Amino acid sequence: MDYKAIRNLATSFFDQSERLADRPFLWAKQDGAYQCLTYGETRTAVQRCARGLRAIGIAKGDRVLLLSENRPEWVIADLAIMAVGAIAVPAYTTATTDDILFVLDHSGSKAAIVSTERLAKKLMPAARSADACETVISIEAPGEATQAGVTVVGWNDLISRGEAVEGDPAAWAAELERGEVCSLIYTSGTGGRPKGVMLTHGSLLANCEGAHDLLDELGLEHEVFLSLLPLSHSYEHACGLHFPISIGAEIYYAEGPEKVAQNLGEAKPTIMTAVPRLYEVLHDRIRRGVDAKGGLSAKLFHRAVVLGTKAYRDPSSLSLKERAENALLDALVRRKVSTRFGGRLKAFVSGGGALNPDIGTFFLSLGVRILQGYGQTEASPVVSCNRCKKVKIHTVGPPLKDVEVKIADDGEILVRGELLMKGYWLDPETTAKTIVDGWLYTGDIGKIDEDGYIVITDRKKDIIVNSGGDNISPARVEGQLTVEPEIGQAMTYGDKRPYLVAVLVPDASFVEEWAKDNGTNTDLLALAANEDFAKAIAGAMERANGRLSQIEKVRRFVLADEPFTTENAMMTPTLKIRRHKIREAYWERLDALYGRS
C-alpha cells in the first residue's frame, strides 16, 4: 500500500469501505453477544452522519467534542467529522465536568457528541456554561432533567436532518489536504492543564505507514484487533482504528478491563494494542491461577517460564536436554497459554508507558510475542517499536519507517518526521519550545544501542536527584516494586533527600487473601495500622530492593489510603501515575519518614 499517496484519513476509509463493502468491520456487544457492522454498512452510516452534521451547521474547521466509550458510533462520528472537514476533539470518559468545560472552551467546540445518560450528566452542565457549544448530539437519549437548558439533537434525528442535505461526503473528503488538522487531542498530562495537540491527516497516516512496515513482518492478511484502550487516546486512535482501516481489518470492542480475558476468547484477535497496565493484570491473573491450581501443571508452567526466559536471553545457553524439554513444553504449556488469548494472536503491542522488562520477558518465555513501543501524542503517537524478528524487551525498538531520532547532549530524545503534530492549539509559545528546527523535544531521556534500538531511561522532569547528587529513575524503581505480588502500585519520593521512600498500594488480590487468612477486613486504612500486614509488605519491598543498586533502594514506605485511580485524579486516563497529585496527598507522611531514627 502506498500510504504517501493517500490524501486524508476520511478518503482512506471511503476507498476501503467501497472495496470491502461486505467484509466485517466493527464488532460490539448487544444483548450479550457480539454484533457486526460491515465496511459497507459503516460507510452508509458515516455518510448519513456527515450530512447530519452539515445540516446543523458544522463546517470545515469547526471543532466537535466527542465524549463516548468505545463503540461503533464513536468511529462513525469521528469519520463523519473528518469528512465534512471539521476537527474531532476526543474527550476521556473519566473526565470531570470541569475537565470537559475546559476542553469545550479552549477548543471552541461548536458541538458535542455524547453517548450515554451517565456521560451526559457530566457533559450537559459544561455545555450550558461553554461559550461556543451550540448543540449536543446524543447517541442515547438523556433524561429531561439532564438535557434541560441545552439544545439536544438525538442521533436518529441528526440522521433525519441530513436527508435534506445534498452532496457526497466522499467527494467532500476528497478536497481535504494531507496537512490539514483532523484531530485535536488533549494530552491527559501527569501535571497541570492539558494541551491541545493538533494532529493532521498526514501525521496519522505517517504513523499508519510505520505500523504497516513494522507488522508486515508478521504477514498481514485478514487481521482482527481487540480494542480496549480508549479511542480518545492518540495511541488507540491511530493504531487501533485508522491503521486497522488502512489494512481492511476487523475491530472488536472489549467490554472493559474486567472482561478482557473473556473478550480475548470471543474475538480471537490477531493483534492487540494496550498500555502496560493490561499486561501487568494479565501476568498477575495467570500467575495466581497457576499457583492456585498447583501440582504438576504448576511445575510445568514455572519450568516453561525458566527455560523460555533462558532461551530469550541467550538461545545458545540451553543444553541439548533443555532444548528438548523446552520443545515439549511448547505443547504442554505454551499452546494452552495461546488458547487463553484466543489462539490466533500474532502480537501484543505495548505502548503509552514503560513496560516492566520482567513482565515482557514473562510473556515472551511463554511464546507470546509482545512488542514494546514508544511515543507521545505529539508524534501521532508512535516513534519506535521492537521489530517482530528481533525483540529486545528492555528497549522500545528502533524508530519507525521515515522517523528520525537523535539524542541531544543532555540525553533528551529528539524526533523528526511527518508524524509530528502541527503544534499546540492556541499556544504558539509552547509549540516553539517543543519543536525546534523541525525536531520534537520529547522530554524523555534515553540512548540508542548498537542495534539502533532506543533505550528509555526516564522522563527529563521525573528524574530524582538525591542529596548526594545521584540521578535516580523513579520508573525503574517502581517497576521493580510492582513486580512483587503483594504490591499493586507504587510511587517513589526522594528529590534532594538522602534516600528513597515510597507510597505503596497493596495488591487487591493479596489484600483479600491476607485479610481472609488473618480474620480481618480489607479496609486499607485499618490494614495500614496492622503491624503484621505492614511486615508482609515490607518483605516484598526488601525482595525488590535486592534487585536494585544501593542508591535505588527504598528505605521506608507509607501505605496508601486507597488505590491510585482516574477517579481520585492520581492516575491519567492511560493509567500512568500523576506524581504531583500523589505527592500533594502524601507529602506530610513521606516527609515524616525522614525524621525517624
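When LYS195, LYS401, LYS576 are arranged by Cβ crowding within 10 Å, least crowded first, meaning fewest neighbours, the order is LYS401, LYS576, LYS195. Relative to its Kirkwood radius, the Cα radius of gyration of segment 426-465 gives an Rg/Rh of 1.10.
For a quick check of your reading of the filter: which GluC sites (Glu not before Pro) in segment 82-164 sit in a DSSP loop and have no more than 13 other Cβ atoms within 10 Å?
Working: sites: GLU117, GLU134, GLU140, GLU144, GLU163; in loops: GLU134, GLU140, GLU163.
The qualifying sites are GLU163.
Gyration tensor over the Cα atoms of segment 388-461: the corresponding equivalent ellipsoid has semi-axes (square roots of 5 times the eigenvalues, largest first) of 24, 14, 10 Å.
Could you tell me the center-to-center distance, by alpha carbons, between segment 1-44 and segment 454-473 in angstrom? Each part's Cα centre sits 45 Å from the other's.
Listed by chain and number, the lysines placed with their C-alpha closer than 19 angstrom to that of LYS60 are LYS110, LYS422; residues fewer than eight positions away on the same chain are left out.
Cα convex hull of segment 464-593: mean projected area in nm², to one decimal?
Details: hull surface 30.6 nm².
Seen from a random direction, the Cα hull of segment 464-593 projects 7.6 nm² on average.
Going from the fewest other Cβ atoms within 10 Å to the most, the residues LYS447, LYS553 appear in the order LYS447, LYS553.
Taking each pair of distinct Cα atoms in segment 51-106 once, what is the resulting Kirkwood hydrodynamic radius in Å? List each step's numbers first, then the result.
Working: mean 1/r = 0.0845 Å⁻¹.
Every distinct Cα pair counted, the radius reaches 11.8 Å.
The orientation-averaged projection of the convex hull spanning the C-alpha atoms of segment 6-57 amounts to 4.7 square nanometres.
If we count other beta carbons within 10 Å of each Cβ, what is the order of ARG579, ARG547, ARG19, fewest first?
Fewest-to-most Cβ neighbours within 10 Å comes out as ARG19, ARG547, ARG579.
Convex hull volume of the C-alpha atoms in the chain, normalised per residue: 172 Å³.
Only one residue of ILE247, ALA206, ALA267 has its Cα farthest out toward the positive end of the dipole of segment 197-292, where Lys and Arg carry +1 and Asp and Glu -1 on Cβ, and that residue is ALA267.
Given just the C-alpha atoms of segment 32-159, how large is their convex hull per residue in cubic angstrom? Write down the numbers at each step before the final one.
Numbers: hull volume 12.5 nm³, N = 128.
Given the Cα convex hull of segment 32-159, per-residue volume reads 98 Å³.
With the convex hull of the Cα atoms taken as the outline of segment 139-249, the averaged projected area works out to 11.1 nm². Both radii were evaluated on the Cα set of segment 119-178; the Rg over Rh quotient, with Rh as the Kirkwood radius, amounts to 1.10.
Whole Å is fine, so just give me how far the alpha carbon centre of segment 533-561 lies from that of segment 257-277. Answer, in whole Å: 32. The protection proxy used here, the mean number of other Cβ atoms lying within 10 Å of each residue, ranks peptides 405-412, 434-441, 239-246 as follows, highest first: 239-246, 434-441, 405-412.
Estimated translational diffusion coefficient (Stokes-Einstein, Kirkwood radius over Cα pairs, 25 °C, 0.890 mPa s) of segment 176-228: 180 µm² per second. Within a straight-line Cα-Cα reach of under 22 Å, LYS392 can be paired with the following lysines, leaving aside sequence neighbours fewer than 8 residues apart in one chain: LYS310, LYS346, LYS401, LYS406, LYS447.
The numbers here are math on the coordinates, done by the rules we state, and not lab data. Given the structure is predicted, the values throughout are model-derived calculations rather than measurements. FYI the Cβ positions are ideal-geometry reconstructions off the backbone, even for glycines, and counts take in every protein chain you see.
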